[in-house]
Amino acid sequence: MSGRVLVGVKRVIDYAVKIRVKPDNSGVVTDGVKHSMNPFCEIAVEEAVKLKEKKLIKEVVAVSCGPQQAQETIRTALAMGADRGIHVEVSGKDYDTLGPLQVSKIMAALAKKEDAQLVILGKQAIDDDCNQTGQMTAALLDWPQGTFASELSLENEKLKVVREIDGGLETIKIKTPAVVTADLRLNTPRYATLPNIMKAKKKKIANVKPADLGVDLTSRLEVLRVDEPPQREAGVKVETVDDLVGKLKDAGRL
């Protein structure tokens, strides 16, 4: 497979930041909060770059949907080794309601436009934990999919994917073009070095709008309310089994 790979890179609140809910419970606070690339997207970029280093593909294209700040996430992917970027401009209310279905439509449209042979995405994002975009993209394209990949190799125009499943590992072979979602153990992403960060500033990022791709961003979901999880109560130590039973009865658990 000597073609092009599209890699989705999502801008999310950094994993080390403590999430705060807005006072009106309409969502989480994002203003003035550090953002970075979704960790599973970093793994996807690393895998695509490794395929290029092995000369199994020709080009890696990083794609991100969001406001102007999403270009920072694309630049990170370019510094890791991607060749060019595509920024799909989504802002305002459309960005607030942007979900897996809308992103899947965008990725599917770009895959056709760019004549991609492979789409690699993170298995999920750490902000919404949806784990839906890869599967939906494959469905819209009618392409084979290898989800939760912990190992990926190319064998005679077929992808060998080792998948992480509840019972252990499952190995499948799928034809290209295909969609793959990266799991945690697929690889360890490299750090972007200073020389590569400087080179990334010269790489091209194309700006497109969803309408240019014929994608309707109308959401079918409505978020009614966002709440913080309830505070956990402190545990209680008991001396005997009888004390334990008594406590459980008092709490209405028995």
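The values are calculated or read from the model by the stated rules, or taken from the named source; none is laboratory data. Because the structure is predicted, anything quoted here is derived from the model rather than measured. In this analysis, Cβ positions are derived from the backbone assuming ideal geometry, glycine residues included, and neighbour counts consider all displayed protein chains. When the accessible area is computed, the model is the full protein with side chains, heavy atoms only, and any ligands, DNA or RNA have been set aside. Shrake-Rupley method; radii C 1.70, N 1.55, O 1.52, S 1.80 Å.
The residues of region 107-254 expose on average 70 square angstrom of accessible surface per residue, using a 1.4 Å probe on protein heavy atoms. Antiparallel beta bridges, as assigned by DSSP with both residues in region 114-254, represent about 65 percent of the total such bridges.
Amide H to amide H, with H built 1.01 Å from N, VAL28 comes under 5 Å of LYS22, counting only residues 5 or more places away or on other chains. With a ≥ b ≥ c taken as the square roots of the eigenvalues of the C-alpha gyration tensor of region 146-190, please select rounded if a/c is under 1.5 and otherwise prolate if a/b is larger than b/c or oblate if it is not? The shape class here is oblate. Here the contact order of the chain, divided by its residue count and restricted to Cα pairs under 8 Å and six or more residues apart, works out to 24 percent. Among the listed pairs LYS18/LYS209; LYS55/LYS112; LYS93/LYS201; LYS34/LYS204; LYS34/LYS199; LYS112/LYS175, give every one whose C-alpha distance is greater than 27 Å. Among LYS18/LYS209; LYS55/LYS112; LYS93/LYS201; LYS34/LYS204; LYS34/LYS199; LYS112/LYS175, the Cα-Cα distance tops 27 Å for LYS18/LYS209; LYS93/LYS201.
If R0 is 51 Å, the Cβ-Cβ spacing of ASP128 and VAL241 corresponds to a FRET efficiency of close to 0.70.
One decimal place: the segment ILE165-LYS201 gains 9.0 nm when fully extended, by the rule 0.36 nm per residue minus the C-alpha distance. Post the alpha-carbon centroid distance, region 216-248 to region 103-127, in whole angstrom. Taking the Cα centre of each part, region 216-248 and region 103-127 sit 36 Å apart. Averaging the sequence gap over all C-alpha pairs within less than 8 Å and six or more residues apart, then dividing by the number of residues, gives region 94-243 a relative contact order of 25 percent. The equivalent ellipsoid of the chain has semi-axes of 37, 24, 19 Å, largest first, where each one is the square root of 5 times an eigenvalue of the Cα gyration tensor. Summing charges over all other residues whose Cβ lies under 12 Å from the Cβ of ALA178, with Lys and Arg as +1 and Asp and Glu as -1, gives +2. Annotation: amide H of LEU118 within the under-5 Å range of ARG4, LEU6, ALA178, sequence separation 5 or more or interchain, hydrogens built in the peptide plane.
Would you work out if region 118-161 is rounded, prolate or oblate? Take a ≥ b ≥ c from the square roots of the eigenvalues of the alpha-carbon gyration tensor; rounded if a/c is under 1.5, else prolate when a/b is larger than b/c, oblate otherwise. Because a/c hits 1.5 or more and a/b fails to exceed b/c, region 118-161 counts as oblate. A simple count of charges around LEU141, restricted to other residues whose Cβ falls under 15 Å of its Cβ and scoring Lys, Arg +1 and Asp, Glu -1, yields +2. Heavy-atom surface analysis with a 1.4 Å probe gives the chain a carbon and sulfur content of 50 percent of its accessible area.
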